[in-house]
1. Among the residues of the stretch 198-208, which ones are in a strand (DSSP E or B) and not hydroxyl-bearing (S, T, Y)?
2. Restricting to the stretch 116-128, name every residue that is within 19 Å of A193 (Cα to Cα), surrounded by 18 or more Cβ atoms within 10 Å (Cβ to Cβ) and not β-branched (V, I, T).
3. Which of the residues that make up the stretch 126-183 are of a type in the set (S, T, Y) and within 19 Å of the chain's Cα centre (by Cα)?
4. List pairs: first in the stretch 266-281 and more than 17 Å from D245 (Cα to Cα), second aromatic (F, W, Y) and in a loop (DSSP other than H, G, I, E, B), Cβ under 8 Å, 6+ apart or cross-chain?
5. Which number in (1) open to solvent by less than 10 Å² (accessible area, probe 1.4 Å); (2) assigned to a strand (DSSP E or B); (3) farther than 24 Å from G120 by Cα marks the one condition that A265 misses?
6. Could you list, in sequence order, all residues of the stretch 93-113 that are assigned to a loop (DSSP other than H, G, I, E, B), in contact with a Ser or Thr (Cβ under 8 Å, 6 or more places away or on another chain) and open to solvent by less than 10 Å² (accessible area, probe 1.4 Å)?
7. Which of the residues spanning the stretch 45-82 are of a type in the set (K, R), under 25 Å from A242 (Cα atoms) and modelled with pLDDT of 95 or more?
8. For S253, all conditions in the list (1) assigned to a loop (DSSP other than H, G, I, E, B); (2) under 21 Å from H71 (Cβ atoms) hold save one; what is the number of the exception?
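The values are calculated or read from the model by the stated rules, or taken from the named source; none is laboratory data. What you see is a predicted model; the values in this text were computed from it and never measured. Reconstructed Cβ throughout: ideal geometry from the backbone, glycine too, with neighbour counts over all protein chains shown. Keep in mind that these areas ignore ligands, DNA and RNA; they rest on the heavy atoms of the full protein, side chains included. Shrake-Rupley method; radii C 1.70, N 1.55, O 1.52, S 1.80 Å.
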Amino acid sequence: MVATAVGALIAGPAETGGAIRHHSAAHTASIPAAHGRMPVHGWAMATAPGNAAAALRVELLRAVVRETFPHDPRAFTQGLEFRGATLYESTGLVGQSSLRAGPPGKPPTRSVGLPAPLFGEGITLSGARLWQLTWRNGIAIERDPTTLAERRRVSYRGEGWGLCHQHDAGRERLVMSDGTDRLTFRDPDTFTATGGITVQHDGAPATGLNELECAPDGFVYANVYPTNTILRIDPDTGTVVANIDAAGLLTASERRTARQLNGIAAVPGTDGFLITGKLWPHMFRVTFVPR
């Protein structure tokens, strides 16, 4: 169904119940076989990084749709994040990249484009700053969260994929992905790299880490390119603690024009998430339940 009261997404508690991007075959080939394993009974046994004797349980979850919202099917979604009732979305492709803001499921109330050759990527908000990554341009753009106006550009090395802002237990930092198994920590004011961690899934590198969400539960959630998998990651150890199956959200006809799952944002005040993908006609409010 298509939601008729978008405000309920924020106010209500969560219920229970190509020419395209990163576009080379090398990206697809880099996804380890571990991502395809589906152990029975809802749990998988994983080995902790650096400790072959330590067995950890990787929770197996699935995304259950609670509400469906319209989404611009021309939006090549790269980043998604809430602040209050406002949903921010970054889109990609050279000459088509944009940053948008407004109520979820409605046309954006504010929008700015990125000039070629910039390719927009992940976004996050940190206080009075909005940071937007670019893919292979090596540029992070600081913006005004209210007007979306560009303030300055900061250079970084490597590719930019996903970005989120972690603020808990007195710690504040940005978490950035680059399509590998590496998460880089950055200062939220200067964008300077301050450290990082490699991510392990079932004893293997969890490559293809893409759009990120630093959720209120303290975990980092990552879309895995180009799959329908979302990983829940302990940012202190780099250990994957849950593997979330988000397949089957689109119909067969919708999948013909849609691209990869990409875009995850925690819905404020709930245990739900808003997820979408590149060129998807819908966004979905979901909760994660055992499979």
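1. Within the stretch 198-208, Q200, H201, A204, P205 meet the criteria.
2. Step one: filter the stretch 116-128 for residues within 19 Å of A193 (Cα to Cα), giving 121-127.
Then keep just the ones that are surrounded by 18 or more Cβ atoms within 10 Å (Cβ to Cβ); that gives 121-126.
Correct list: E121, G122, L125, S126.
3. Filtering the stretch 126-183 down to residues of a type in the set (S, T, Y) leaves 126, 134, 146-147, 155-156, 177, 180.
S126, T134, S177, T180 - these are the residues of the stretch 126-183 that are of a type in the set (S, T, Y) and within 19 Å of the chain's Cα centre (by Cα).
4. Pairs that qualify, where the first residue is more than 17 Å from D245 (Cα to Cα) and the partner is aromatic (F, W, Y) and in a loop (DSSP other than H, G, I, E, B), are K278/F76; L279/F76.
5. (3)
6. We begin by selecting, within the stretch 93-113, every residue assigned to a loop (DSSP other than H, G, I, E, B); these are 93-97, 103-109.
Going one step further and asking which of them are in contact with a Ser or Thr (Cβ under 8 Å, 6 or more places away or on another chain), we end up with 97, 103.
Result: S97, single match.
7. Initial filter on the stretch 45-82 (of a type in the set (K, R)): 57, 62, 66, 74.
Checking the rest, the ones that are also under 25 Å from A242 (Cα atoms) come to 57, 62, 66.
Of everything in the stretch 45-82, those that are of a type in the set (K, R), under 25 Å from A242 (Cα atoms) and modelled with pLDDT of 95 or more turn out to be R62, R66.
8. Among (1) assigned to a loop (DSSP other than H, G, I, E, B); (2) under 21 Å from H71 (Cβ atoms), S253 violates only (1).
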